[in-house]
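The values are calculated or read from the model by the stated rules, or taken from the named source; none is laboratory data. The model shown is predicted, which means the values in this text are computed figures rather than measured ones. Neighbour counts are summed over all protein chains in view; Cβ atoms, including those assigned to glycine, are modelled from backbone coordinates with ideal geometry.
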Amino acid sequence: MVILLPIVAALSCFLWPGRSIWIGLINTFTIVLSVAGLSLQVVEQGAGRYAVGGWEAPLGIALVSDGLSLLMLMVTAVVGLAISVYSSCYFNQDKARHFWPLWMLLWAALNALFLSADIFNIYVTLELMGLAAVALVALAGGKNSLGAAMRYLLVSLLGSLFYLLGVVLLYHSFGTVDMSLLAQRLESSPAVWAAMGLMTSGLLLKTALFPLHFWLPPAHGNAPAPVSALLSALVVKASFYILLRLWLEVFPVASFEAGQLLGLLGAAAVLWGGVLALRQTRLKLMIAYSTVMQIGYLFLAFPLASIAGWKAAVYLLLSHALAKTAMFMAAGNILLYEGHDRIAELDRVAQRLPMTLGAFALAGVSLMGLPPSGGFIGKWLLLEAAIRSGQWWWGIVLIAGGLLTGAYVFKVIGFAFTQSNLPHESRAVPIGMEWAALFMAMLAIGLGFIAPWILSIMDTGSPFGVATR
Amino acid sequence: MSAVFVYSLVGIGLFNLGLYALIIYPHLLRKILAVNIMGSGVFLVLVALAGRTASGVPDPVPHAMVITGIVVAVSATALALVLMLRVSAATGQPELPEEK
Amino acid sequence: MNPDNNNSTLFRYLLIAVLITMTAGLVYALLSLPLLASGLSFQVTQNLQLSGVENPVTAVLLNFRAYDTFLEMGVLLLALLAVWSLGTLPKQRETAPGEVLNSLSGLLIPILVLMASYLLWVGASAPGGAFQAGSVLAAAGVLLILTGWQLNEKLQGLPLRFALVAGLSIFMAVGVVLMLFGRRFLEYPPSVAAALILLIEAAATVSIGITLVALFSGGRPESEQQ
């Protein structure tokens with residue numbers, strides 16, 4: 001099962017640290033294979049439900065694999081593959097022996113989270129994920145990364161506790177923590193409103209939606225490059241996924257105002273993150289602020305509350321995961337090569353690291369939402385949904401965001417072509433790292449081509465509810 | 001069953017007190033303690049409300065959940081404490097550094 | 001120490017106001033819950049004989065919701081991995097422990113170990129079980145560390161790691177073996193459920209105890225230069 005394999009990997013990496021890299025890589029491939037196997041099964045047989053331990057809910061815990069979970073698992077597997085390859089070249093032996101068990105446990109947590117249908121179980125996986133992420137951030141050492149990790153840990157725990165209190169209220173109102181049973185038993189009551197507020201706030205904190213985003217730039221900016229990629233691409237998406245699930249399955253009574261509020265915060269995130277990204281002088285921080293901005297896009301689906309809107313948000317999520325991974329990997333390459341990541345001093349990166357810059361540019365294309373990339377499809381769908389539901393002003397935010405993204409991407413590319421005046425030493429970048437970055441960027445573009453297939457997978461198991469029109 | 005509700009109200013009180021302390025105090029140890037207090041508050045609510053059964057024997061599922069929660073909280077606290085030590089060793093003071 | 005250092009008074013009052021509203025809302029939500037609600041206790045008592053133990057909490061932890069417990073052991077191990085990744089053990093102080101600590105720990109540690117074993121065993125029918133026993137074991141371990149005891153050099157590498165992962169591994173092994181027999185992950189057949197639970201709990205107790213002590217020590221052992 002896709003959850004157990006990473007755990008086995010983590011344990012073996014821990015027991016035999018000398019051979020971590022090999023164990024990690026081999027297990028990465030097996031995990032990818034098992035995810036592929038699960039996907040085939042779901043595509044052919046439809047959504048599946050697995051009662052762990054033989055006890056069906058409400059007494060036991062159920063795992064569910066429908067279209068949405070499957071897509072999250074797949075994107076995790078793809079990103080995971082790239083990260084594993086990248087990291088096998090990135091970390092020196094000393095750090096590597098700590099990186100691999102932590103990364104494998106993070107992967108286990110992500111897979112467990114995406115498959116779980118039990119909100120308390122999700123709390124445990126959320127904590128597992130959070131602790132692993134914090135440890136990975138701190139792996140860079142140095143006071144910046146340690147401080148960022150500490151802040152991230154406190155924020156993560158705070159978010160989890162809010163979520164947990166919501167779980168408590170829900171259990172004590174309805175006697176179950178299983179999502180489908182809760183959906184059946186749910187009635188509007190003050191406790192439910194409180195739970196919804198609590199859980200949403202906790203998850204918003206963990207997803208870094210404006211104005212609760214303050215912890216993200218230091219954490220993603222100071223972590224080692226593959227860790228930043230993991231965090232931006234997958235970890236913040238996990239809490240968004242939970243939020244989406246909750247809103248879709250458990251809280252269909254959500255009010256119109258709440259949706260509008262989230263949409264407003266999302267719009268603010270897009271603008272605020274975009275402007276701040278432009279003002280950054282360090283590449284990794286800029287990319288981190290770009291994440292803040294892109295997360296804002298995801299929340300624009302909330303005020304629309306239509307199936308098309310949700311699908312658009314998920315599409316944006318997927319393409320952002322791929323593109324951001326590519327970007328952070330490219331940044332890591334540049335950092336390794338130049339020894340710093342100050343944007344103004346990117347001396348002729350275009351000539352010296354063409355593959356890396358190509359990856360960065362392609363990823364930028366997807367983030368900007370230019371055709372034919374995955375980002376374009378996502379934005380197009382969202383725009384369409386916005387116009388259909390009569391709330392066209394969100395579309396303006398989308399376009400403004402695209403312009404801002406274009407601005408900072410071109411800024412970097414521009415500097416990459418110029419010659420800086422300061423001499424510096426450069427170190428060779430392992431070819432594996434460059435290929436990984438380029439691969440992810442090409443996938444981000446490729447996501448635009450396979451749109452119909454992805455959209456049909458999303459429908460498996462009707463996670464977004466059945467269309468009423 | 002008002003005893004049950006008194007306990008759970010205390011739990012909510014702890015939760016909010018902890019939240020206040022977490023935001024206000026700059027010293028990391030206090031923040032960690034505040035998170036622990038918040039956690040205890042949540043667990044208290046969870047366990048207290050489990051006592052509302054008709055038969056008088058409390059519902060065991062929340063008890064199991066709290067045990068799980070405590071282990072998770074202990075693990076997180078351990079990590080937080082060690083991280084705090086490393087931060088204060090690196091920056092010279094046990095507080096969160098200003099963002100750059 | 002003074003909280004006014006970083007925050008203006010306006011911010012504090014604003015925060016207090018927000019928190020009071022939040023508390024009020026939560027209290028209102030709480031008081032709206034029904035006075036009597038049995039939650040899942042009915043289902044638990046119904047299936048208790050099938051679970052292999054008599055203590056309902058243990059049944060939930062190790063059987064009905066064993067998957068949660070499994071993941072939570074992963075969390076514990078993860079915390080240790082994280083702590084170990086951050087640095088090595090702080091240097092031991094050279095001063096000898098005082099008389100009181102010495103004699104008291106000599107008395108207490110065997111009692112604690114005995115208590116832990118008892119808690120492990122009795123967890124099937126009365127409050128107790130792996131986590132409780134593991135914590136008591138860890139208390140014994142902490143006392144040991146405080147008296148200046150250090151783990152034998154030879155045991156610090158692979159054997160220590162084996163002991164740490166034993167709980168999680170046995171848990172997973174049992175689950176997988178059950179899957180090989182055609183059942184689901186961690187689906188115990190009622191006839192051997194009690195034995196399986198005891199096995200898992202025993203391994204877990206040892207792992208939890210050692211992990212907690214290692215967490216207390218705060219860093220990875222020195223002999224990591226393999």
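For residue C:197, are the conditions met, namely being out of contact with any Pro (no Cβ under 7 Å at 6 or more places or on another chain) and surrounded by fewer than 20 Cβ atoms within 10 Å (Cβ to Cβ)?
No: the conditions fail for residue C:197.
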- Note on the structure: Of the conditions (1) in contact (Cβ under 8 Å) with a residue 40 or more places away in the chain; (2) more than 7 Å from every other protein chain (Cβ to nearest Cβ); (3) of a type outside the set (Ser, Thr, Tyr), the single one that residue B:41 does not satisfy is (1)
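The rows are residues; the columns are (1) crowded, with 24+ Cβ neighbours inside 10 Å; (2) within 11 Å of another protein chain (Cβ to nearest Cβ).
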site	(1), (2)
C:67	yes, yes
C:70	yes, yes
C:79	yes, yes
C:86	no, yes
C:98	no, no
C:103	no, no
- Task: Please enumerate the residues belonging to segment A:319-344 that are within 18 Å of residue A:86 (Cβ to Cβ) and touching a strand residue (DSSP E or B) at 6+ places or on another chain (Cβ under 7 Å).
- Result: A:341
- If only one of C:135, C:117 is surrounded by fewer than 16 Cβ atoms within 10 Å (Cβ to Cβ), hydroxyl-bearing (Ser, Thr, Tyr) and touching a helix residue (DSSP H, G or I) at 6+ places or on another chain (Cβ under 8 Å), which one is it? C:117
- Query: For segment B:1-16, how many residues are more than 7 Å from every other protein chain (Cβ to nearest Cβ), of a type outside the set (S, T, N, Q) and more than 15 Å from the chain's Cα centre (by Cα)?
  - Reply: 4
- What pairs come up if the first residue lies in segment C:154-177 and is in contact (Cβ under 8 Å) with a residue 40 or more places away in the chain and buried (at least 16 other Cβ atoms within 10 Å of the Cβ), the second is assigned to a helix (DSSP H, G or I) and charged (D, E, K, R), and their beta carbons are under 6 Å apart, counting only those six or more places apart or on different chains? none
- Out of the residues in segment C:40-57 that are without any contact (Cβ under 8 Å) to a residue 24 or more places away in the chain and under 25 Å from the mean Cα position of the chain (by Cα), which is farthest from the other protein chains (Cβ to nearest Cβ)? C:48
- Task: Assess whether residue A:124 counts as being more than 22 Å from residue B:23 (Cα to Cα) and part of a helix (DSSP H, G or I).
- Result: yes
- Item | Enumeration of residues in segment A:134-146 that are more than 10 Å from chain C (Cβ to nearest Cβ) and of a type in the set (Gly, Ala, Ser) | A:140, A:142, A:145
- Item | Selection from segment A:193-214 of residues that are within 15 Å of residue A:293 (Cα to Cα) and among the β-branched types (Val, Ile, Thr) | A:207
- Message: Would you confirm, using the coordinates I've provided, whether residue A:47 is in contact with a Ser or Thr (Cβ under 7 Å, 6 or more places away or on another chain), within 28 Å of residue A:437 (Cβ to Cβ), surrounded by fewer than 22 Cβ atoms within 10 Å (Cβ to Cβ) and modelled with pLDDT under 85?
- Response: no
- Message: Filter segment B:45-67 down to the residues that are farther than 19 Å from residue C:125 by Cα and at the interface with another protein chain (Cβ under 7 Å from one of its Cβ atoms) and list them by number.
- Response: B:45, B:46, B:49, B:50, B:52, B:53, B:54
- Can you confirm whether segment C:66-85 contains a residue that is under 28 Å from residue A:125 (Cα atoms) and not in a helix (DSSP H, G or I)? no
- Message: Residue under question is residue C:194, and the condition is that it be on the phi < 0 side of the Ramachandran plot, under 17 Å from the mean Cα position of the chain (by Cα) and modelled with pLDDT of 80 or more; does it hold?
- Response: no
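Restrict the check to segment A:255-265 and report whether at least one residue is among the aromatic types (Phe, Trp, Tyr), at pLDDT below 75 and buried (at least 20 other Cβ atoms within 10 Å of the Cβ).
Looking for residues that are among the aromatic types (Phe, Trp, Tyr), at pLDDT below 75 and buried (at least 20 other Cβ atoms within 10 Å of the Cβ), one finds none in segment A:255-265, hence no.
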- Note on the structure: Of those in segment A:94-121 that are outside any helix (DSSP H, G or I) and touching an Asp or Glu at 6+ places or on another chain (Cβ under 8 Å), the residue surrounded by the fewest Cβ atoms within 10 Å (Cβ to Cβ) is A:117
- residue A:369 fails exactly one of the following numbered conditions: (1) at pLDDT 80 or above; (2) touching a Lys or Arg at 6+ places or on another chain (Cβ under 6 Å). What is the number of that condition? (1)
- Query: Looking at residue A:225, is it closer than 27 Å to residue A:73 by Cβ and more than 14 Å from chain C (Cβ to nearest Cβ)?
  - Reply: yes
- Kindly provide the set of residues from segment C:152-177 that are more than 9 Å from chain A (Cβ to nearest Cβ), modelled with pLDDT of 80 or more and more than 22 Å from residue C:212 (Cβ to Cβ), ordered by number. C:173, C:174, C:177
- Message: For the condition surrounded by fewer than 17 Cβ atoms within 10 Å (Cβ to Cβ), modelled with pLDDT of 80 or more and basic (Lys, Arg), what is the one hit in A:379, A:411?
- Response: A:411
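Mind counting the residues in segment A:182-211 that are assigned to a helix (DSSP H, G or I) and either surrounded by 20 or more Cβ atoms within 10 Å (Cβ to Cβ) or away from chain C (no Cβ under 11 Å) (or both)?
19
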